[in-house]
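Participant: First the structure, which I've put down as structure tokens, then a few questions once you've had a look.
The values are calculated or read from the model by the stated rules, or taken from the named source; none is laboratory data. Just so you know, these numbers come straight off a predicted model, no measurement behind them. Positions of Cβ are backbone-derived with ideal geometry, glycine not excepted, and every protein chain shown enters the neighbour counts.
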Amino acid sequence: MAKALSNQMLIIRSNYVLGLISWALLRYVPESTLQEFDVVLLADSNLVHRVRPHKAPPEFTGGEAIKVTWLEGSAGDKTRGATDQFLKSVVRQFNIDLYEIVRLYCDRNALTALMFQQPWAAFLRLVRSSFVHTDAYWDFTGGGKNLVPATWHGKTITKDMEVTPVKVDFYGYFDSWKMWEDVYQFASQLP
């Protein structure tokens with residue numbers, strides 16, 4: 001496989017791992033602990049600094065700074081909901097990036113037909129479209145109707161699923177990892 005494609009796929013997987021680890025760490029931290037810190041975003045250097053409460057932030061020169069507080073203005077315990085939404089966004093982006101990078105490589109190297117001969121290709125294309133166009137509702141527009149039914153690892157996307165939510169118990173965190181493995185195996189055989 002081309003070195004650039006391999007590197008990009010490994011970066012996509014590393015980002016997924018970082019997202020999973022971040023979720024695991026934040027999921028069980030008491031909200032009161034999270035509220036003890038503010039974050040300062042710096043326009044000039046893109047650095048993020050944690051600032052303990054009741055202490056002045058470090059002096060910043062040469063740029064604008066924005067203070068961000070943990071879910072300011074919301075009521076009740078927000079940690080679980082916020083971290084669950086974060087994890088969903090990690091899964092969405094992982095699958096979108098996975099499809100897009102392999103599709104782009106195949107398009108540029110006249111390998112798209114070969115890609116769509118793979119058992120995962122139509123399935124991943126439908127997953128990607130649902131995450132991009134409808135925020136995790138099955139969407140078969142733009143040629144998607146021609147791809148259903150699509151089966152991968154014993155799971156089948158059917159026409160009657162259109163406009164229903166993509167549920168985690170049907171295609172979730174574990175499935176995303178297995179999909180990466182299948183796509184990487186295919187990509188490793190490409191010229």
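Participant: Restrict the check to the range 85-106 and report whether at least one residue is without any contact (Cβ under 8 Å) to a residue 24 or more places away in the chain and at positive phi.
Facilitator: no
Participant: Criterion first (of a type outside the set (Val, Ile, Thr) and touching a residue at least 40 places away in the same chain (Cβ under 8 Å)) does Leu147 satisfy it?
Facilitator: no
Participant: Can you pull out every residue in the range 109-125 that is over 15 Å from Val183 (Cα atoms) and either among the polar types (S, T, N, Q) or not in a loop (DSSP other than H, G, I, E, B) (or both)?
Facilitator: Asn109, the sole residue that qualifies.
Participant: Say whether the condition of being surrounded by 17 or more Cβ atoms within 10 Å (Cβ to Cβ), assigned to a loop (DSSP other than H, G, I, E, B) and out of contact with any Gly (no Cβ under 6 Å at 6 or more places or on another chain) is met by at least one residue in the range 87-108.
Facilitator: no
Participant: Please find, among Val183, Val148, Val132, the residue that is at pLDDT 95 or above, β-branched (Val, Ile, Thr) and part of a helix (DSSP H, G or I).
Facilitator: None of the others qualify; the one that does is Val183.
Participant: Okay, next question. Does Tyr137 satisfy the criteria of being surrounded by 13 or more Cβ atoms within 10 Å (Cβ to Cβ), on the phi < 0 side of the Ramachandran plot, in contact (Cβ under 8 Å) with a residue 60 or more places away in the chain and in the same structural domain as Asn15 (by TED's automatic domain parsing)?
Facilitator: No.
Participant: Ile66 fails exactly one of the following numbered conditions: (1) at pLDDT below 95; (2) under 20 Å from the mean Cα position of the chain (by Cα). What is the number of that condition?
Facilitator: Unmet for Ile66, out of (1) at pLDDT below 95; (2) under 20 Å from the mean Cα position of the chain (by Cα): (2).
Participant: While we're on this one: Which residue, of Gly144, Gly81, is among the small types (Gly, Ala, Ser) and in contact with a Ser or Thr (Cβ under 6 Å, 6 or more places away or on another chain)?
Facilitator: Just a single option satisfies the conditions, and that option is Gly144.
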